[in-house]
2 protein chains.
Amino acid sequence: MAEILTDKQRDKALATLNGWVYDDVGDSISHVFKFKDFSEAFGFMCRVALAAESANHHPDWTNSFNKVTIILTSHDAGGLTQKDTALAKIIDEILI
Amino acid sequence: MAEILTDKQRDKALATLNGWVYDDVGDSISHVFKFKDFSEAFGFMCRVALAAESANHHPDWTNSFNKVTIILTSHDAGGLTQKDTALAKIIDEILI
């Protein structure tokens, strides 16, 4: 199981990510993404789903028409781990 | 724009659906679906996404690993309409 990130490790990882917000209650990071329409939003979700399945690490996420909210935390570890920041990085790269 | 269902119309429609729950606060219907794993859950979401796009009526939904929660309401009409119950019926049929 991946280990919970220390505050220092978390801050260092967040500095390399694009617009992810840390939530200390859930020990998670989240990001709201907005797209042109549902088709574009769900296309993005398909790419994230493939990346998540490859990483064997899955997001908690919500979609409403053109909006996708992604929350990442490691439920098995009980908080934020390197698996979350690595998946966030991959998601960022999908959008470049 | 589709019209808001009357109580009688809603009850009649719900009786034809499989396990959808009415929420009077949001004037919406919802259903939690559980699958074997993420792959099965997201495969279901892909089928629902295609149906939703075809119907030009989209769900508010959340996924966490093998769980998919779908909420249907017609935001433009301000409540539950025939578009929602029709999409719920299509979703039910995906799972038969």
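The values are calculated or read from the model by the stated rules, or taken from the named source; none is laboratory data. Quantities reported herein were computed from a predicted structural model and do not represent experimental measurements. As a convention, Cβ positions derive from the backbone with ideal geometry for all residues, glycine included, and neighbour counts pool all protein chains shown. Keep in mind that these areas ignore ligands, DNA and RNA; they rest on the heavy atoms of the full protein, side chains included. Shrake-Rupley method; radii C 1.70, N 1.55, O 1.52, S 1.80 Å.
When A:S39 is evaluated against the numbered criteria (1) more than 15 Å from the chain's Cα centre (by Cα); (2) away from chain B (no Cβ under 14 Å); (3) free of Cβ contacts under 8 Å to residues at least 60 places away in the same chain, which criterion, by number, is the only one it fails?
(2)
State yes or no: is A:A52 farther than 21 Å from B:I71 by Cβ, open to solvent by 20 Å² or more (accessible area, probe 1.4 Å) and either within 11 Å of chain B (Cβ to nearest Cβ) or free of Cβ contacts under 8 Å to residues at least 60 places away in the same chain (or both)? Can you show your working first?
Working: farther than 21 Å from B:I71 by Cβ: yes; open to solvent by 20 Å² or more (accessible area, probe 1.4 Å): no; either within 11 Å of chain B (Cβ to nearest Cβ) or free of Cβ contacts under 8 Å to residues at least 60 places away in the same chain (or both): yes.
Spelling it out, it is not the case that A:A52 is farther than 21 Å from B:I71 by Cβ, open to solvent by 20 Å² or more (accessible area, probe 1.4 Å) and either within 11 Å of chain B (Cβ to nearest Cβ) or free of Cβ contacts under 8 Å to residues at least 60 places away in the same chain (or both).
Please pick out the residue among B:I96, B:I90 that is more than 25 Å from A:P59 (Cα to Cα) and outside any loop (DSSP other than H, G, I, E, B). Step through it out loud before you land on a result.
Numbers: B:I96 fails: outside any loop (DSSP other than H, G, I, E, B).
Just one listed residue meets the conditions, B:I90.
From the list B:K34, B:K67, exactly one residue is more than 13 Å from the chain's Cα centre (by Cα), away from chain A (no Cβ under 13 Å) and open to solvent by 40 Å² or more (accessible area, probe 1.4 Å). Which is it?
Details: B:K67 fails: away from chain A (no Cβ under 13 Å).
Answer to the selection: B:K34.
Out of the residues in the range B:10-22 meeting the condition of being in contact (Cβ under 8 Å) with a residue 24 or more places away in the chain and outside any loop (DSSP other than H, G, I, E, B), tell me which one is most open to solvent (accessible area, probe 1.4 Å). Steps first, answer last, please.
To start, the set of residues in the range B:10-22 that are in contact (Cβ under 8 Å) with a residue 24 or more places away in the chain comprises B:10, B:13-14, B:16-18, B:20, B:22.
Pick out the ones that are also outside any loop (DSSP other than H, G, I, E, B) and you get B:10, B:13-14, B:22.
Values: B:R10: 33, B:A13: 21, B:L14: 36, B:Y22: 66 Å².
Residue satisfying both the conditions and the ranking: B:Y22.
All but one of (1) in contact (Cβ under 8 Å) with a residue 40 or more places away in the chain; (2) more than 23 Å from A:W61 (Cβ to Cβ); (3) away from chain A (no Cβ under 14 Å) hold for B:D7, so report the exception by its number.
Status for B:D7: all satisfied but (1).
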